[in-house]
2 protein chains.
Amino acid sequence: MMHFDRESIEQLDKRYRVNLVNSSAGVKSANLIGTVSKAGEENAAIFSSVSHLGSSPALIGLILRPTIELERHTWQNIESTGVYTINQVSKDFVENAHYTSAKFARSQSEFVECDLASEYIEDFSAPFVRISRIKLGMQFLETIPISHNNTSLVIGQIEHLLVEDELVTNEGLIDLALAGSVGVSGLNNYFSLDNEVTLPYARPEELPKFSFKG
Amino acid sequence: MMHFDRESIEQLDKRYRVNLVNSSAGVKSANLIGTVSKAGEENAAIFSSVSHLGSSPALIGLILRPTIELERHTWQNIESTGVYTINQVSKDFVENAHYTSAKFARSQSEFVECDLASEYIEDFSAPFVRISRIKLGMQFLETIPISHNNTSLVIGQIEHLLVEDELVTNEGLIDLALAGSVGVSGLNNYFSLDNEVTLPYARPEELPKFSFKG
C-alpha cells in the first residue's frame with residue numbers, strides 16, 4: 001500500500017496531486033452543461049461534478065469553480081437566465097465533449113467548435129446537445145458557497161427529462177451501459193460501463209451467503 | 001424520445017421515479033463509509049453520493065439524508081468523533097458492500113453481518129474496510145444543509161490516502177478499471193469499468209478532426 005498523509009499530499013507535484021485526489025473518490029459522471037447568454041450566445045461545457053441530490057423533488061447538484069474562467073461562463077449564463085441543460089456523454093461523442101474544456105473565447109460556441117449540434121424544446125430557453133441520449137432541462141434554485149475552496153454547489157430542479165425510449169426499463173431505470181454512457185476519473189480518463197450485477201433491496205433477514213469473506 | 005416534465009415526474013409511481021431520476025444524472029461512485037461510535041461500535045454503510053470537491057486542499061463531499069435512520073447512524077458517528085473513512089467498492093466484494101444498506105439494529109456491526117473485516121491505522125480512530133484497494137481517512141470539516149430536500153452536504157478533508165501500489169500510474173492517476181472499482185445507478189445497479197480513452201489536455205489551437213459530427 002502507498003500511504004499519503006495530509007502533509008505529503010500537499011507537497012506532491014501539482015499534476016500528480018490533482019490526478020491522485022481526483023481519482024481517489026471513485027468514478028464520476030460525464031455531462032455537458034448547455035447554457036445560453038441573454039444575448040443568445042450558446043455555451044457547452046463538460047463537467048464531472050454533476051450528482052443526484054434527491055428524486056422528490058427531483059434535484060441535481062453541480063460543483064462549480066467560479067474562479068475558473070470556463071466555468072464562470074457557464075455560471076454567468078445560469079445566473080442570468082435561470083435555466084441550463086445536463087446532457088449525458090456517450091462513447092460516440094466523448095472526444096467532442098472533452099474538447100469543450102478548451103479555453104475558447106467568450107464569443108466562440110463550443111457547440112460549433114466541437115461539432116455538437118444544439119437543439120431546443122418548446123418553452124425552455126437553454127440549449128440541449130442533440131446527440132445526447134439522456135438530457136435534463138434544469139431550473140436553477142440556489143447556489144451554496146463552499147468556503148473551504150471557493151467552489152459552489154449549484155442546485156437545480158429537473159423541469160424536463162428526455163431519454164431515448166429503448167433505454168428505460170419497466171421499472172424506470174435508465175440502462176447507462178446500453179446508452180454507452182461514460183464515466184470519468186481524473187481530468188481526462190474516460191471509462192465505458194458494463195452491467196455487472198443488479199442486487200435486491202437489502203433486508204437483514206435475507207442476507208445471502210457471501211462469496212467473499214473478509 | 002420519452003419526455004417527462006416536472007409535473008409528470010411528480011406523478012410517477014415512487015419506485016419508477018426514484019429509478020428514473022437517480023439514473024438520469026449518470027454513473028455514481030460506490031463507497032463504504034466506515035465510522036465508529038464513542039462507545040466503540042463500528043458502522044459501515046454504502047453511499048453513492050461521494051464526490052470530489054477539490055484537490056488543494058483535498059476535499060471530498062458526501063450527501064447525507066439525516067432523516068433516514070441508516071444514514072443517521074453514520075452521521076451521529078461522524079459528528080461525535082470527527083472522523084470517518086471512505087473505502088472504494090470493487091467487484092469482488094460488491095455484494096457484501098450492497099448489503100450494508102439493510103436495516104440492521106444499532107448494536108449490529110455491518111462489518112460483522114456482511115463479512116467485511118475492519119482495520120485501523122495508527123493515530124486515526126475510524127475503521128477502514130480491509131479488502132478495499134483505495135481508502136481515505138477523512139477529517140470532518142463542515143455540514144451544509146440543503147433545505148430543498150432536507151439533505152446535507154458533509155465536507156471532509158483527506159488526512160490519509162491509502163492505495164495499492166500497482167494501481168497508481170507515474171502521473172498519480174489511480175487506475176479504477178484495474179482496481180475493479182464499480183459504479184452505480186439507481187439504488188442497486190452496479191457497473192464494472194473499462195478504460196475507454198485517455199484524451200490530452202484540451203487546447204483550442206489543437207482541436208482534432210472529430211470522428212463524430214453533430
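The table below gives the values:
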| read-out | value |
| --- | --- |
| Every residue from the range A:103-131 that is among the aliphatic types (A, V, I, L, M) and surrounded by fewer than 16 Cβ atoms within 10 Å (Cβ to Cβ) | A:Ala105, A:Val112, A:Ala117 |
| Helices (runs of 4 or more DSSP H) wholly inside the range A:1-116 containing at least 2 residues that are in contact with a Ser or Thr (Cβ under 8 Å, 6 or more places away or on another chain) and modelled with pLDDT of 95 or more | A:14-24, A:69-81, A:110-113 |
| Restricting the range A:63-102 to residues that are touching a helix residue (DSSP H, G or I) at 6+ places or on another chain (Cβ under 6 Å), within 14 Å of A:Ala44 (Cβ to Cβ) and not β-branched (Val, Ile, Thr), the residue that is surrounded by the fewest Cβ atoms within 10 Å (Cβ to Cβ) | A:Ala102 |
| First in the range B:49-62 and farther than 17 Å from A:Ala30 by Cα, second anywhere and of a type in the set (Asp, Glu) and at pLDDT 95 or above, Cβ under 6 Å, 6 or more apart | none |
| Counted residues, the range B:155-168 - those being of a type in the set (A, V, I, L, M, F, W, C) and more than 7 Å from every other protein chain (Cβ to nearest Cβ) | 1 |
| Pairs with Cβ under 9 Å, 6+ apart, first in the range B:7-29 and under 16 Å from A:Arg133 (Cβ atoms) and free of Cβ contacts under 8 Å to residues at least 60 places away in the same chain, second of a type in the set (Lys, Arg) and crowded, with 24+ Cβ neighbours inside 10 Å | B:Ser24/A:Lys135 |
| Of the criteria (1) under 16 Å from the mean Cα position of the chain (by Cα); (2) of a type in the set (Val, Ile, Thr); (3) within 30 Å of B:Glu196 (Cα to Cα), which one A:Val112 fails | (1) |
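Residue-wise test of (1) in contact (Cβ under 8 Å) with a residue 24 or more places away in the chain; (2) crowded, with 16+ Cβ neighbours inside 10 Å; (3) facing chain A (nearest Cβ under 7 Å).
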{"site": "B:Arg133", "(1), (2), (3)": "yes, yes, no"}
{"site": "B:Leu153", "(1), (2), (3)": "yes, yes, yes"}
{"site": "B:Asn170", "(1), (2), (3)": "no, no, no"}
{"site": "B:Asp175", "(1), (2), (3)": "no, yes, no"}
{"site": "B:Gly186", "(1), (2), (3)": "yes, yes, yes"}
{"site": "B:Leu207", "(1), (2), (3)": "no, yes, yes"}
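The values are calculated or read from the model by the stated rules, or taken from the named source; none is laboratory data. Predicted, not measured: the structure shown is a model, and the values here were computed from it. Note that each Cβ is placed from the backbone with ideal geometry, even for glycine, and that neighbours are counted across all protein chains shown.
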